[in-house]
Amino acid sequence: MKEEILKGKKVILKNLEEMDFQRIFKWLSDPDVVNLLFYQYYPPTIQKMKEEVGKEHVSKHDFEFVIIDLKTNLHVGWAGIYDVDRINKNGEIRFFIGEKKFWGKGLATECVSLLRDYGFAELNLHRLYGGANIENVGSLKIFKKLGFSEEGISKEGFFKDGKYYDLVKFGLINKL
Ligand SMILES: CC(C)(COP(=O)(O)OP(=O)(O)OC[C@H]1O[C@@H](n2cnc3c(N)ncnc32)[C@H](O)[C@@H]1OP(=O)(O)O)[C@@H](O)C(=O)NCCC(=O)NCCS
């Protein structure tokens, strides 16, 4: 039974379990879905993916969740706060809606707002940060809408499909 961790109006974030990796594997194997990520990763097998992506699932520095769409009760993506640094009190927000027909419905925006509030109020972090491919218009909008400041651009920060892309970095300080 999945534990409900965070609940909004459109999504619930629940704990990520072993059985969720099958779906994540399917999404990470879909070129349309990984197209705008700032890395290209097609896992060769579920086992390999679990060793790489899934290691965060068991780390105490990572708070990783599945995203459930409230209307349909379907698992549509995953997200979390990663690399939590307890000394400097910061962590990185990452999010991923893998089910394409659920794009553009405000799910990622609500998910990131829940993670932001959780990071500040529950994990007591001072700073949250994140980054996106400069061509990932949806992700850039989400960070900006939720109050993150653009902190800079890593020019040609990553290489994918024969091309270098800029990486936009965002940060938000807990003012509470
Ligand atoms: C990018 C992504 C997170 C957007 O999720 P989403 O749930 O569709 O986003 P939302 O519905 O909350 O949309 C937020 C805003 O971005 C816009 N938007 C979303 N996807 C867009 C796209 N592909 N092109 C242009 N605008 C887009 C929305 O219209 C909305 O704009 P508004 O604030 O003016 O209304 C999702 O497509 C995704 O996970 N893609 C695959 C993996 C990925 O790129 N993850 C992000 C890594 S940083």
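The values are calculated or read from the model by the stated rules, or taken from the named source; none is laboratory data. Remember, it's a predicted structure, so these values are computed and weren't measured experimentally. Cβ atoms come from the backbone with ideal geometry, glycine included; neighbour counts cover every protein chain shown.
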Handout entry: Near pairs, Cβ below 8 angstrom, 6+ apart or cross-chain, from region 120-139 (over 17 Å from residue 109 (Cβ atoms) and of a type in the set (D, E, K, R)) to any residue that is assigned to a loop (DSSP other than H, G, I, E, B) and more than 7 Å from the ligand (Cβ to nearest atom)
Key = 127/88; 127/89; 127/174
Exercise for the section: Please work out which residue is farthest from residue 105 (Cα to Cα), limiting yourself to region 63-84 and to residues that are in contact (Cβ under 8 Å) with a residue 12 or more places away in the chain and surrounded by fewer than 18 Cβ atoms within 10 Å (Cβ to Cβ). Expected result: 83
Fill in the blank from the handout: Scanning region 118-150 residue by residue, those surrounded by 13 or more Cβ atoms within 10 Å (Cβ to Cβ) and closer than 22 Å to residue 87 by Cα turn out to be 118, 119, 120, 123, 125, 126, 127, 128, 129, 130, 131, 148
Problem - From 175, 160, residue being of a type outside the set (Asp, Glu) and within 16 Å of the ligand (Cβ to nearest atom) - result: 160
Problem - Residue satisfying all of: in region 85-107; in a helix (DSSP H, G or I) and without any contact (Cβ under 8 Å) to a residue 40 or more places away in the chain; farthest from residue 32 (Cα to Cα) among these - result: 102
Problem - Those residues of region 122-142 which are part of a strand (DSSP E or B) and more than 8 Å from the ligand (Cβ to nearest atom), in sequence order - result: 127, 128, 129
Exercise for the section: Could you check, for region 71-84, whether at least one of its residues is outside any helix (DSSP H, G or I), of a type in the set (Gly, Ala, Ser) and within 11 Å of the ligand (Cβ to nearest atom)? Expected result: yes
Practice task
Read through the list (1) modelled with pLDDT under 95; (2) under 15 Å from the mean Cα position of the chain (by Cα), then give the number of the only condition that residue 163 fails.
Solution key: (2)
Practice task
Might you check whether a residue that is outside any strand (DSSP E or B) and of a type outside the set (A, V, I, L, M) occurs anywhere in region 165-172?
Solution key: no
Fill in the blank from the handout: When region 84-135 is checked residue by residue, the ones that are out of contact with any strand residue (DSSP E or B) (no Cβ under 6 Å at 6 or more places or on another chain) and aliphatic (A, V, I, L, M) are 87, 121, 123
Practice task
Restrict the check to region 102-114 and report whether at least one residue is surrounded by 20 or more Cβ atoms within 10 Å (Cβ to Cβ), more than 21 Å from residue 145 (Cβ to Cβ) and of a type in the set (A, V, I, L, M, F, W, C).
Solution key: no
